[in-house]
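Okay, so here's the structure we're looking at.
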Amino acid sequence: MSSDKNICSSQGKWQTYIASCLIVNPLGDSTYGLNISVEKINPWSYVKPNETIVIWIKPNFKLPLPYHVDFGDGTTLLISGNLVSYSWKTAGTFRIKISTNIGLVVVSVETTFKIEDVDEGIKPGPVMISGFHDKRSKFGLIDFTRMDYAKSNCKVNLDDNVNELVLQGLSKYVYNASYNQTYTNFGQYTLLSQCTNPYGTTGNTSHFISRKFETTYHFHTLGTNFNTTVAGDDQFLNSITVLQNGVPMPKNNANAVRTYTILPKGMFLSENYMAYTANNIIIDKRILNVQNIIVQPSVSSDILDGAWNLTTNITVSIPAGNKMHINISFGVGENPMYYIDHSPNDIAIMFEVEFESLGYYPVNVNVSNDISSHYTEDLVSVEVPIVSISVKTQNITDKVDPVVFEIDLNIGTRGPMKVNFEINHDDGHLGTYNSFNTEYSFGTYIHKYWFKDWGIYTVCVRAYNRISSVSRCVTVQVGEEITYIDLTTNSILRVTTMQSAVFTIRCPKGSDKTYITDFGDGSIFVFTDRYLKNIQESVDWGVKTDTSPTPGSDNKGSLKETPVRRKKRELNGTHGMDVEENQTTWQNLLRDVSEREESVILGSNKTFVTSTTMQPTTMLGDYEEPGTTNTSTARRLKDGSIEVTHNYVSQGVFTVKIWVKNWFNSAKDTSCTKVIVNNTDTSDCQVPVINVGSLVSSLDNPLKRIRAAMINLTASVSINCQNTRQASYAWRAVRIVTEGQNNIERPLHAVCVDENTYPTLHIPAVSLEFGLYRITLTVAPMGRSVLATMVDFYVQVIPSPPVAKFRDDDHAWFFLYGSTIVDFTQSKDPDFDTTEGLEFDIFCFRDEDQQKVVRLSLSEIMSASTILKTTVTYKYTTKNPLVLYQYGKCLSDKKNITNEILTPNGMLTFPSELFVSERSSFGFRLFVTKEGRTSNVMMTFEIRLGNATNLLDQLDDLLKSNDTSGVLRAVSYLTSSLSAGSSSVSL
């Protein structure tokens, strides 16, 4: 305010103002002032960041003024009282300024305060953990609080140290956390919390009681303990009280595995309400339905099996028990069901059941309660009797393959649905199998079995059901018999010592063969098929069976193997190996190899060879696996044959023999060509030169020779030696045949000639079969066998044309009133000396047509002739077709003329009076045909009255010729003439 009154005038704006004044003394001191004091809450001499201090404001006046507080860290407050608390977050010295306004006068005060970050070395402050139960069963709400000035790590466990939570690096002074925990069991759980900083550890423990609110239902076996898993220590478990239907039960201590056990004493066969309480709080509620264990029921009947239909009484026995549900099924009709609440004794129920159809009816009884069940089954069999059995199988050649048995029952009639098989495999194994088919029939049952050993087994199959049984045995061969063995060579077999002789062995059939080769020089070489393959058999033999059910059947092929003692088989001459090898030498075994037979006509240059049939000789014996030798080798060729080589160490003439054997039989062969080993000096000789002339042949262009003629082969030889001009000749032959898709050579022992001086080979007629042959001639200078050379003759033996022949001469005559008899019985197939397959065509012609007929072929004369009769000859043996023709007019037109023409075995006969009367000379031409090959022959004949001039005298001639039919015809004609009144008859 101003003391100058002149300042105020009436021209200003007038209003009311509040005014205050402050008296200031001349010295400049105000009469108003402020004081402050800062007080620590903690007892220490310093204040740390985040620790609270209290500031007291002390004015010297009593005015209700607001104070403005500046804490020096950027924080300001406007307060209305005289007290304010504050904490600084960081260390430092802070200027505290407090001010207020009294009118226009500002009154303030300042001071400084120091905040120090001091490491006090104090362990964590309070750590607290507690739990509260939620409304949900066994569900806890857990709170955790920790206070600490320092940074600390904490561990929290909510369920008895099972699951531990780890909290790392907690730096906030106060840390709070809440957890939701679902507990496994009801009971008491220990809650643990522990925090650690660098100066120590602080922990806290409390308990949480987990409660199960829902009431659970349990089925319990009478007479047994009821165990309940409860959480908690022994003290807590001992504090539990169990109320049974509201009545306390005797206490029972829990064991170490936290299982609370209720003893069976006091439990009733009913529902028992159990309440578990701790500290008068119900922590679990259960209902125990106590029942007894079901004992197995039984089914009994006097008759459970029948053929075609069955009516029987079946008794079902139900054991004592409670709360039992009974289900009974007979497989037919309705299935009765019962409920028994309580029965202290067994109950027997009898049923009369009719089974009117074929089938298998399971009688099932199922008794159960809530804690147990038992099942009993029996089978009522209404079956088809098994009346017949058929077992089929096939031999096998390899033990890797199974023997397959096809079993049929009641062939052609209704078969059983279910059948059991007992199969004795004759090798020490007896198997039991079963088959079930849902159809009212029996399909073929397939059984497979692998045999371990080679042999011939008599396998017996017994098929049976509950009302019948049949059996059948069948023989099966595991392995293949040897059919033949051939020993051939394509070389000359004339060698010096230590040179190799090469042979070829062919034995296409037979299982697991052993070959024994005798080279004639004392060396025996033995090898086997396994040796040639160079493999080791690795089949897991054991008892391996495969039973395949009939399609559509649900048979699982169940198998039961029972070892049986096999009877020692009585071996015959074709099976077995049960001989002592040590008592037999190789030479004795090979001694009886059959030799070929030769017949040489001395004093001539011809060699005749007769064949000897060689049957394979069967021998017994079993020999060790062979090894190799220094002088002999064997290897399998691509065509399946075996090449054997042998080095001879001494001179001589050696015969090579081969014997092959297996479990079943054996076979032998001897090389036609002998091995000649000779070291004689041959420098004075040259290899002979052979010239076959017109007999040159090849595989594609062989010599053609008919079987019915002798085959002659010869060659000229040029010898260029100083000391000899004479040659030696040796012959051997092979037949080229087809096996499968290959052509092979088989030795022909009928043509086997050792060295001799005859250059010509004569093979008798019909001694060779049809086919292709390679006949080899080996020629060497006499005494110089090593200089041998050879040449091959390829000969194709073809069928011969048939023989057409009349027994009579080219010309014959017949009596007019006698019989014309044409005999062609000498016509035949010369290859086999038989009329098998021959066709006969006979043509009758007049004498003047002979020149025309002789020029005509069979087809031409057939087209120019007329058929008189078609018939057969040799009616009861070879039934050969025969057709009689006439070329021109040969026979009369007499009615039923064919009835008088007869064709007995190889003959044509009919009355001579059937010839036309105007002619007396005729002829027959016979064609004989077989498989397109044709031969023919012709004869002429005359028809005569006889040697007499009248009919009566001719009777003597007819009687002399034994023509009975002619005599009867002449007598008949004479009688008819005399009846007509004639005293003499002349022609």
From the list D841, D829, which one is touching a helix residue (DSSP H, G or I) at 6+ places or on another chain (Cβ under 9 Å) and at pLDDT 95 or above? D841
Condition check: modelled with pLDDT of 90 or more, in a strand (DSSP E or B), of a type outside the set (A, V, I, L, M, F, W, C) and buried (at least 16 other Cβ atoms within 10 Å of the Cβ). Does E406 satisfy that? no
Options S865, S859, S892, S827: the member that is open to solvent by 60 Å² or more (accessible area, probe 1.4 Å) and polar (S, T, N, Q): S859
Filter pass, L63 being at pLDDT 90 or above and either loosely packed, with under 14 Cβ neighbours inside 10 Å or within 30 Å of K172 (Cβ to Cβ) (or both): no
Before we move on, is F226 among the aromatic types (F, W, Y), more than 28 Å from N180 (Cα to Cα) and buried (at least 18 other Cβ atoms within 10 Å of the Cβ)? yes
Within the stretch 808-861, the residues that are under 60 Å from the mean Cα position of the chain (by Cα) and hydrophobic (A, V, I, L, M, F, W, C) are F832, L838
Looking at (1) touching a strand residue (DSSP E or B) at 6+ places or on another chain (Cβ under 6 Å); (2) basic (K, R); (3) within 24 Å of E860 (Cβ to Cβ), which is the only condition K889 fails? (1)
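Could you please let me know if T31 is of a type in the set (S, T, Y), at pLDDT 60 or above, in a loop (DSSP other than H, G, I, E, B) and surrounded by fewer than 10 Cβ atoms within 10 Å (Cβ to Cβ)?
Taking the combined requirement at face value, the residue does not satisfy it.
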Taking into account only those residues within the stretch 721-755 that are out of contact with any strand residue (DSSP E or B) (no Cβ under 7 Å at 6 or more places or on another chain), touching a residue at least 12 places away in the same chain (Cβ under 8 Å) and assigned to a strand (DSSP E or B), which is surrounded by the fewest Cβ atoms within 10 Å (Cβ to Cβ)? N742
So V107, is it among the hydrophobic types (A, V, I, L, M, F, W, C), in contact (Cβ under 8 Å) with a residue 60 or more places away in the chain and part of a strand (DSSP E or B): yes
Residue that is in contact with a Leu (Cβ under 9 Å, 6 or more places away or on another chain), over 17 Å from I340 (Cβ atoms) and in contact (Cβ under 8 Å) with a residue 40 or more places away in the chain, where the choices are N309, N292: N309
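Determine, yes or no, whether V495 is of a type in the set (A, V, I, L, M, F, W, C), touching a residue at least 24 places away in the same chain (Cβ under 8 Å) and touching a helix residue (DSSP H, G or I) at 6+ places or on another chain (Cβ under 9 Å). Steps first, answer last, please.
Values: of a type in the set (A, V, I, L, M, F, W, C): yes; touching a residue at least 24 places away in the same chain (Cβ under 8 Å): yes; touching a helix residue (DSSP H, G or I) at 6+ places or on another chain (Cβ under 9 Å): yes.
Here the answer is yes, as V495 does meet what is asked.
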So for the stretch 175-188 (the condition being more than 20 Å from H133 (Cβ to Cβ), in contact with a strand residue (DSSP E or B) (Cβ under 7 Å, 6 or more places away or on another chain) and surrounded by 13 or more Cβ atoms within 10 Å (Cβ to Cβ)), does at least one residue qualify? yes
Before we move on, is W14 modelled with pLDDT of 60 or more and not in a loop (DSSP other than H, G, I, E, B)? no
Is one or more of the residues making up the stretch 373-382 part of a loop (DSSP other than H, G, I, E, B) and open to solvent by less than 60 Å² (accessible area, probe 1.4 Å)? no
Selected residue (criterion: modelled with the lowest pLDDT) from residues of the stretch 156-174 that are crowded, with 17+ Cβ neighbours inside 10 Å and closer than 29 Å to K89 by Cβ: L170
If we ask which residues in the stretch 289-312 are among the aliphatic types (A, V, I, L, M) and open to solvent by less than 60 Å² (accessible area, probe 1.4 Å), their number turns out to be 6
Which residue, of I775, I798, I842, I821, is in contact with a Leu (Cβ under 9 Å, 6 or more places away or on another chain), in contact (Cβ under 8 Å) with a residue 12 or more places away in the chain and open to solvent by 20 Å² or more (accessible area, probe 1.4 Å)? I821
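Quick one: which strands (runs of 3 or more DSSP E) sit completely within the stretch 208-312 and have at least 2 residues that are under 56 Å from the mean Cα position of the chain (by Cα) and at pLDDT 85 or above?
215-221, 226-229, 281-291, 298-300
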Return the residues of the stretch 663-694 that are open to solvent by less than 60 Å² (accessible area, probe 1.4 Å), within 30 Å of E481 (Cα to Cα) and of a type outside the set (A, V, I, L, M, F, W, C); say none if nothing qualifies. N665, S666, K668, D669, T670, S671, T673
Conditions (1) under 60 Å from the mean Cα position of the chain (by Cα); (2) part of a strand (DSSP E or B) -> N204 fails only (1)
Exactly one of S390, S357 is out of contact with any Asp or Glu (no Cβ under 8 Å at 6 or more places or on another chain), over 30 Å from N662 (Cβ atoms) and among the polar types (S, T, N, Q), and that one is S357
Given (1) more than 19 Å from R494 (Cβ to Cβ); (2) open to solvent by less than 50 Å² (accessible area, probe 1.4 Å), L699 misses just (2)
Residue check, Q181 touching a residue at least 40 places away in the same chain (Cβ under 8 Å) and either assigned to a strand (DSSP E or B) or among the hydrophobic types (A, V, I, L, M, F, W, C) (or both): yes
Counting only residues that are open to solvent by 40 Å² or more (accessible area, probe 1.4 Å) and closer than 22 Å to N50 by Cβ, the stretch 98-117 contains a total of 5
Name the pairs whose Cβ atoms lie under 8 Å apart, with the first residue in the stretch 896-907 and without any contact (Cβ under 8 Å) to a residue 12 or more places away in the chain, the second in a strand (DSSP E or B) and surrounded by 14 or more Cβ atoms within 10 Å (Cβ to Cβ), and 6 or more positions between them or separate chains? L902/L908; L902/T909; L902/F910
Filtering the stretch 416-437 down to residues that are open to solvent by 10 Å² or more (accessible area, probe 1.4 Å), among the hydrophobic types (A, V, I, L, M, F, W, C) and either modelled with pLDDT of 95 or more or within 23 Å of A307 (Cα to Cα) (or both) yields M417, F436
Restricting to the stretch 193-202, and then to whatever is open to solvent by 50 Å² or more (accessible area, probe 1.4 Å) and at pLDDT 90 or above, can you tell me which residue is nearest to L141 (Cα to Cα)? Q194
C672, sole failed condition from (1) within 30 Å of R933 (Cβ to Cβ); (2) hydrophobic (A, V, I, L, M, F, W, C); (3) not in a strand (DSSP E or B): (1)
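The values are calculated or read from the model by the stated rules, or taken from the named source; none is laboratory data. In this text the structure is predicted, and so the values were computed from the model without any measurement. Every residue, glycine as well, gets a Cβ built from its backbone with ideal geometry; the counts of neighbours run over all protein chains shown. Note: accessible area is taken over every heavy atom of the protein model, side chains too, but ligands, DNA and RNA are not part of it. Shrake-Rupley method; radii C 1.70, N 1.55, O 1.52, S 1.80 Å.
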